[in-house]
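Here is the structure we will look at, set down as structure tokens.
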């Protein structure tokens, strides 16, 4: 069994890790055999969870808010394990405490991992960065230590990074302004408030993930788009007239830098989990060379 730590509203959730591992392995096998299998089959899985009210013992009526937050966290963890492994379309609760096993539909967060999977494919064709398939238990344990499950307002760097990842996954079509969320995530993980941005990010990403052999200007391209968004340098389409434009052609120049950046973003989070790290600190070393006279 795994559990989420007690949240600020006083609940603890326990669930069966074996079921998650079964789902993860099963879906990963299908994905490796045929990346488009989900177009023909939308799997449905049952996950038994127990929600405990820490103030009043076992809660007979599950709080839908608690379950919705849990689904957010489950989506995040699964897709850090293996980008593209889980989408959330619909959810319902079967209340096993009720003798009639009443099924209650809930407004599950609609989250798609399509961008994450596209970023995974981009990293393979780019041969950078290395993205792994991580054990679910390791990822969930790291998220617990970062106090992510149950949190409403992200304050520490990795809480922000995971919440921003969910924001990126709350859309089915590419939106140029997703670049802003992605760059905010990089800065939350790797920078202090007082530090300059692009040069330090490039140096620190290289220290953690190495230097790519191709697309060396990927970060400059990403921040160029960010700058153009912030300073109003991009064209704006009249409301309701999007169908008259070839938006795919227009967005193509912006989507590739975004996917390259997203692949690096996933690899950074995975690296933190592999290293069991909950913070990143960088130090400078000064060396003096003696001049021979």
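Search the stretch 10-29 for residues being outside any helix (DSSP H, G or I) and closer than 17 Å to residue 71 by Cα, and hand back the single one that is modelled with the lowest pLDDT. Ranking the qualifying residues of the stretch 10-29, first place goes to 11.
Residues satisfying the criterion are present in the stretch 209-227 (criterion: at pLDDT 85 or above, closer than 27 Å to residue 137 by Cα and out of contact with any strand residue (DSSP E or B) (no Cβ under 8 Å at 6 or more places or on another chain)).
Within the stretch 165-193, the set of residues being closer than 19 Å to residue 70 by Cβ and assigned to a helix (DSSP H, G or I) comprises 165, 166, 167. Does any residue of the stretch 204-211 turn out to be free of Cβ contacts under 8 Å to residues at least 12 places away in the same chain, within 14 Å of residue 268 (Cβ to Cβ) and over 18 Å from the mean Cα position of the chain (by Cα)? Yes: the stretch 204-211 contains one or more residues that are free of Cβ contacts under 8 Å to residues at least 12 places away in the same chain, within 14 Å of residue 268 (Cβ to Cβ) and over 18 Å from the mean Cα position of the chain (by Cα).
Say whether the condition of being crowded, with 17+ Cβ neighbours inside 10 Å and without any contact (Cβ under 8 Å) to a residue 60 or more places away in the chain is met by at least one residue in the stretch 125-147. No, the stretch 125-147 contains no residue that is crowded, with 17+ Cβ neighbours inside 10 Å and without any contact (Cβ under 8 Å) to a residue 60 or more places away in the chain.
List pairs: first in the stretch 169-191 and modelled with pLDDT under 85, second buried (at least 18 other Cβ atoms within 10 Å of the Cβ) and not in a helix (DSSP H, G or I), Cβ under 7 Å, 6+ apart or cross-chain? These pairs meet every condition: 172/112.
The values are calculated or read from the model by the stated rules, or taken from the named source; none is laboratory data. Remember, predicted model here, so these are calculated numbers, not experimental data. Every residue, glycine as well, gets a Cβ built from its backbone with ideal geometry; the counts of neighbours run over all protein chains shown.
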